[in-house]
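Notes follow once the structure below has been shown.
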Amino acid sequence: MINNNIEKKLAEVGLKVPNILLPNKDIDYSKFSCIAADQYTQDISYWEKVKKYVGDSPSALNLIYPEAELEQIIDDKENFDSILSNRIENINANMEKYLKDKIYEDIGKCFVYVERKNDDAIRKGLIVAIDIEKYDYNNGAKTLMRATEKTVIERLKVRKKIRKNASLDMPHIMVLIDDKQDKLFSAIKKMDLANDDKNKLYDFDLMFESGHLTGYRISNEKFIEDILDVLIDLKNNSIDDFLYAVGDGNHSLAAAKDVYSETGRGRYALIEIVNLYDEGLKFYPIHRLVYGISKEKFKNETGVDADKPLPLQDMQKVLDEKGYKIDYIHGKEECLKLAEDNNNTAIVYDKFSTDTLFNDVINNGSLCRKSFSMGNAKDKRFYLEAQKIL
């Protein structure tokens with residue numbers, strides 16, 4: 001039971017201590033945990049490989065709809081709705097089955113401290129439940145939590161349908177805090193969570209060389225209050241009361257916001273808080289692949305040399321105005337190869353600077369959609385923890 005003082009502090013920073021669900025100890029976590037559904041959208045072979053690897057084992061794969069599979073049916077106007085409905089019914093049924101069969105078990109109220117090791121770096125995260133009423137994805141929002149990139153309303157339709165009757169909330173949402181002195185994770189380090197075996201929740205390798213994941217329970221009230229005190233301090237020293245910037249998963253959180261507004265279900269969404277300055281967090285620009293047009297024709301139509309593109313925010317306006325069919329590619333080499341092989345045009349960037357990210361959102365509103373990626377595709381958040389949607 002959380003005491004009243006902690007409840008007040010939770011409300012001040014828009015959080016709740018969630019009832020965390022985890023796969024039971026008999027489950028193979030390396031098969032259960034899979035990457036976010038919005039990754040490898042142009043690589044259906046990746047998802048086929050995941051299916052083969054998972055086989056009949058319980059897996060988060062059975063609780064999501066990979067966007068790569070959606071891409072395969074998007075142009076099937078006659079059958080799209082029925083295929084989508086059937087798939088969503090299966091997802092909802094699987095969620096209910098995983099609860100009924102105790103594949104997912106309630107480990108109680110806690111935060112979860114996560115260490116994600118990729119290559120030689122470790123990215124630190126804190127899983128909490130955040131109050132959706134403190135979030136607004138619209139451009140120019142003045143809420144505690146804001147989108148860093150423009151929300152494409154069209155992309156919310158399918159996600160809302162999936163969430164509307166879902167019984168489980170599984171996050172791939174990563175929310176940034178502007179914590180240059182690393183106060184939050186320094187406080188967590190002092191808790192020495194690894195010294196008590198009761199705290200360790202999981203410790204395993206992710207599939208396909210995507211790194212290693214370790215998670216620790218934080219249920220001690222003093223530890224929770226220490227975390228909240230840091231967040232309150234960051235909030236009090238923030239500009240414009242802007243504490244949380246949604247980095248990854250904005251469209252999923254936006255869909256959750258809409259579903260909550262329409263149904264009253266799911267006021268608190270699971271997210272992972274990450275420090276903008278975490279040494280294990282790499283930011284990359286997201287590149288544009290313009291379909292069915294050569295570089296020469298693209299230059300003739302836009303006046304822009306694709307090899308020397310405009311700054312991203314301006315470039316996106318040109319692409320939108322022309323109405324080109326485009327895709328967003330995370331790897332520079334992959335984007336260039338897709339253009340070369342299929343007579344498309346690649347628009348690539350060398351870097352994305354995070355130094356002014358919070359100020360840019362405050363002063364100019366959200367950036368254009370798909371401005372940056374937090375890590376390469378394989379570094380993205382994997383599904384594991386869940387909570388019931390109430």
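A few notes on this one:
- Scanning segment 69-83 for residues that are surrounded by 13 or more Cβ atoms within 10 Å (Cβ to Cβ) and either without any contact (Cβ under 8 Å) to a residue 24 or more places away in the chain or closer than 22 Å to Asn24 by Cβ (or both) turns up Ile73, Phe80, Ile83.
- Considering only residues in segment 352-386 that are among the basic types (Lys, Arg), in contact with a strand residue (DSSP E or B) (Cβ under 7 Å, 6 or more places away or on another chain) and closer than 27 Å to Leu206 by Cα, the one that is surrounded by the most Cβ atoms within 10 Å (Cβ to Cβ) turns out to be Arg381.
- Screening Gly292 with (1) part of a helix (DSSP H, G or I); (2) exposed (fewer than 14 other Cβ atoms within 10 Å of the Cβ); (3) small (Gly, Ala, Ser) gives one miss only, at (1).
- Residue check for Asp327: touching a residue at least 12 places away in the same chain (Cβ under 8 Å) and touching a strand residue (DSSP E or B) at 6+ places or on another chain (Cβ under 6 Å): yes
- Only residues that are outside any helix (DSSP H, G or I) and among the aliphatic types (A, V, I, L, M) were counted in segment 321-347, giving 4.
- The single residue among Asn86, Asn92 that is on the phi < 0 side of the Ramachandran plot, in contact (Cβ under 8 Å) with a residue 12 or more places away in the chain and of a type outside the set (Phe, Trp, Tyr) turns out to be Asn92.
- Matching residues in segment 32-50 - criterion: being within 21 Å of the chain's Cα centre (by Cα) and assigned to a helix (DSSP H, G or I): Phe32, Ile44, Tyr46, Trp47, Val50
Conditions tested, residue by residue: (1) part of a loop (DSSP other than H, G, I, E, B); (2) farther than 30 Å from Ser238 by Cβ; (3) among the hydroxyl-bearing types (Ser, Thr, Tyr).
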{"site": "Asp26", "(1), (2), (3)": "yes, yes, no"}
{"site": "Ser30", "(1), (2), (3)": "no, yes, yes"}
{"site": "Lys52", "(1), (2), (3)": "no, yes, no"}
{"site": "Ala68", "(1), (2), (3)": "no, yes, no"}
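- For segment 227-266, a residue qualifies if it is among the charged types (D, E, K, R) and surrounded by fewer than 17 Cβ atoms within 10 Å (Cβ to Cβ), and the qualifying residues are Asp229, Asp233, Asp240, Asp241, Glu262, Arg265.
- Selection status of Val112, touching a residue at least 24 places away in the same chain (Cβ under 8 Å), part of a strand (DSSP E or B) and touching a Gly at 6+ places or on another chain (Cβ under 6 Å): yes
- Single match in Lys161, Lys142 (criterion: assigned to a helix (DSSP H, G or I) and farther than 28 Å from Glu279 by Cβ): Lys161
- Flag if Ala147 is farther than 19 Å from Cys110 by Cα, out of contact with any His (no Cβ under 8 Å at 6 or more places or on another chain) and not charged (D, E, K, R): yes
- Just one of (1) in a strand (DSSP E or B); (2) under 30 Å from Glu89 (Cα atoms); (3) of a type in the set (Gly, Ala, Ser) fails for Gly125. It is (2).
- Whenever a residue of segment 351-376 is free of Cβ contacts under 8 Å to residues at least 24 places away in the same chain, its partners that are buried (at least 20 other Cβ atoms within 10 Å of the Cβ), lying with C-beta atoms within less than 8 angstrom and at least six residues away or across chains, give the pairs Asp360/Leu367.
- The residue that is surrounded by the fewest Cβ atoms within 10 Å (Cβ to Cβ), among those in segment 123-139 that are at pLDDT 95 or above and over 17 Å from Tyr268 (Cβ atoms), is Lys124.
The values are calculated or read from the model by the stated rules, or taken from the named source; none is laboratory data. Small disclaimer: the values here were computed from a predicted structure and weren't measured. So basically every Cβ, Gly included, is an ideal-geometry build from the backbone, and we count neighbours across all protein chains shown.
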